[in-house]
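Below is one structure; the comments refer to it alone.
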Amino acid sequence: MGTWAVIMAGGSGTRFWPASRLRRPKQLLPLVQGGESLLAATFRRISQRIDPSRVIVVTAAALAEATARELPALLPANLLAEPAPRNTAPCIGWATDVILARDPSAVVAVLPSDQHVTDDAGFAAAVERALAVAERRELATIGISPTRPDTGFGYIETAAAIADVEGAREVLRFVEKPDLARAKEYLASGRFLWNSGMFFFRASAMRAAIAAHLPELAQGLAGMTAANTGEVFPRLPSISIDYGVVERVGATAGNIGVVPGDFGWSDVGSWESTWELSDKDEKGNAAPRHAVLVDANGNLVRAQKMVALVGVSDLVVVETEDAILVMPRERAQDVRAVVDALKAQGRSELL
């Protein structure tokens, strides 16, 4: 039985405009210290446990060349380029079929490409436990131990312990992003974890689950070949693996197991997250050394030019060759509105 990994790397990352663009989305950016892109860090991290020859990366066709440049250790045959965006179920289904053709007994780890981890050893230990659960259940996942009542994440409610795997528990249910009052209840109960979006399974079990719960997708994948991918893939149903498979498999208690993880995880969901993860000066500013900060507090600055801030607090200032973004940090989620406005104005050169 071989262990494989699938890295999902097709996202657009509109919340990081103007640094993130259609041809250089979030996962290709060094959004935290160290100069390493989120995708390169994900590949490096999982390659410490799984041989790089068994790591599959799925990305958009328009990003294939940039993705290959970012990952020189990735085998060309292990780069799958989607002709059109069809959400995570077709992505995972396609990669699973590719792996099954090479290794019918494979166990697979599926990872998003755009998450940040500070404790590689802790991450590796959680992956090891999740792979062990995947051999005992239809599916496994890693749930992040919550540190606050966050309304931006989905949650996992846990149930009975799973024997022989330290800390692992059965999944009772997956819960959509809650309001603040409910998120506080979840945190206080001690039964809930944040949904990390990482999944672990026997490849044969995933194929069977897709056949059972998404027969149209299974039929489409079965008829897809290297020669007709461009024609077939865009016609596959667009549905997430969470809604299409995971929640339906989990409807029967005990089918899915979860391993709690506490390894400095962040989904790096906005410029606010980047500020939180960045080194800061004594006044809470995360800025390059060439910036000039006078009576300024709690600001994030990402710029090649010299930027001076005077008497302002809690701003995001991002400068690129052709655009500048300035906004309050608390409005970080609203960057999408800028992208929508540019689309409406037909300014595709800035997207």
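The values are calculated or read from the model by the stated rules, or taken from the named source; none is laboratory data. None of the values given here were measured: they were computed from a predicted structure. Because the Cβ atoms are built from the backbone with ideal geometry, glycine has one as well, and the counts that use them run over all protein chains shown.
Run R336 past the list (1) within 30 Å of A161 (Cα to Cα); (2) surrounded by fewer than 16 Cβ atoms within 10 Å (Cβ to Cβ) and report the number of the one that doesn't hold.
(1)
Condition first: β-branched (V, I, T) and exposed (fewer than 12 other Cβ atoms within 10 Å of the Cβ). Can you find one or more residues in the stretch 145-161 that meet it?
Taking every residue of the stretch 145-161 in turn, at least one turns out to be β-branched (V, I, T) and exposed (fewer than 12 other Cβ atoms within 10 Å of the Cβ).
Taking the condition touching an Asp or Glu at 6+ places or on another chain (Cβ under 7 Å), in a loop (DSSP other than H, G, I, E, B) and touching a residue at least 24 places away in the same chain (Cβ under 8 Å), does G254 pass?
Values: touching an Asp or Glu at 6+ places or on another chain (Cβ under 7 Å): yes; in a loop (DSSP other than H, G, I, E, B): yes; touching a residue at least 24 places away in the same chain (Cβ under 8 Å): yes.
So G254 passes the test.
Which one of A134, A168, A159 is in contact with a Pro (Cβ under 9 Å, 6 or more places away or on another chain) and assigned by TED's automatic domain parsing to the domain that holds F201?
A168
In the stretch 282-304, what residues are basic (K, R) and not in a loop (DSSP other than H, G, I, E, B)?
R302
Checking the conditions here, which among V318, V259 is in contact with a strand residue (DSSP E or B) (Cβ under 8 Å, 6 or more places away or on another chain), assigned by TED's automatic domain parsing to the domain that holds A124, at pLDDT 95 or above and not in a loop (DSSP other than H, G, I, E, B)?
V259
Being out of contact with any Lys or Arg (no Cβ under 9 Å at 6 or more places or on another chain), surrounded by fewer than 20 Cβ atoms within 10 Å (Cβ to Cβ) and either not assigned by TED's automatic domain parsing to the domain that holds A205 or not acidic (D, E) (or both) narrows it down to one residue among G244, G264; which is it?
G264
With the structure loaded, tell me whether R24 is surrounded by fewer than 18 Cβ atoms within 10 Å (Cβ to Cβ), more than 27 Å from E128 (Cβ to Cβ) and either out of contact with any helix residue (DSSP H, G or I) (no Cβ under 6 Å at 6 or more places or on another chain) or not β-branched (V, I, T) (or both) or whether it fails that test.
Taking the combined requirement at face value, the residue satisfies it.
Okay, residues lined up against (1) of a type in the set (A, V, I, L, M, F, W, C); (2) farther than 30 Å from V117 by Cβ; (3) not assigned by TED's automatic domain parsing to the domain that holds V58:
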| site | (1), (2), (3) |
| --- | --- |
| R202 | no, no, no |
| A212 | yes, yes, no |
| N228 | no, yes, no |
| P237 | no, yes, no |
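Here are the criteria: (1) buried (at least 16 other Cβ atoms within 10 Å of the Cβ); (2) within 16 Å of the chain's Cα centre (by Cα). Tell me which single one T118 does not satisfy.
That leaves (1) as the condition not met.
For the stretch 5-14, state whether one or more residues are over 20 Å from M198 (Cβ atoms), at pLDDT below 95 and either of a type in the set (A, V, I, L, M) or out of contact with any Pro (no Cβ under 8 Å at 6 or more places or on another chain) (or both).
Scanning the stretch 5-14 turns up at least one residue that is over 20 Å from M198 (Cβ atoms), at pLDDT below 95 and either of a type in the set (A, V, I, L, M) or out of contact with any Pro (no Cβ under 8 Å at 6 or more places or on another chain) (or both).
Pairs please, first residue from the stretch 203-223 and over 11 Å from P237 (Cα atoms), second anywhere and among the charged types (D, E, K, R) and at pLDDT 95 or above, Cβ atoms under 8 Å, 6+ apart in sequence or on different chains.
If the second residue must be among the charged types (D, E, K, R) and at pLDDT 95 or above, the pairs left are A203/D103; R207/D97.
Might you let me know whether the stretch 162-169 holds any residue that is among the small types (G, A, S), exposed (fewer than 14 other Cβ atoms within 10 Å of the Cβ) and under 18 Å from F43 (Cα atoms)?
no
Would you call A77 closer than 17 Å to L29 by Cα and among the small types (G, A, S)?
Judged against the criteria, A77 is not a match.
How many of the residues making up the stretch 48-63 are over 13 Å from Q27 (Cβ atoms), aliphatic (A, V, I, L, M) and part of a helix (DSSP H, G or I)?
Within the stretch 48-63, residues that are over 13 Å from Q27 (Cβ atoms), aliphatic (A, V, I, L, M) and part of a helix (DSSP H, G or I) number 2.
So, in the stretch 78-105, of the ones that are small (G, A, S) and surrounded by fewer than 21 Cβ atoms within 10 Å (Cβ to Cβ), which residue ends up farthest from W4 (Cα to Cα)?
Checked the stretch 78-105; the qualifying residue farthest from W4 (Cα to Cα) is A84.
I'd like to check something: does the stretch 16-24 contain any residue that is in a helix (DSSP H, G or I) and either more than 29 Å from V98 (Cα to Cα) or touching a residue at least 24 places away in the same chain (Cβ under 8 Å) (or both)?
Yes, some residue in the stretch 16-24 is in a helix (DSSP H, G or I) and either more than 29 Å from V98 (Cα to Cα) or touching a residue at least 24 places away in the same chain (Cβ under 8 Å) (or both).
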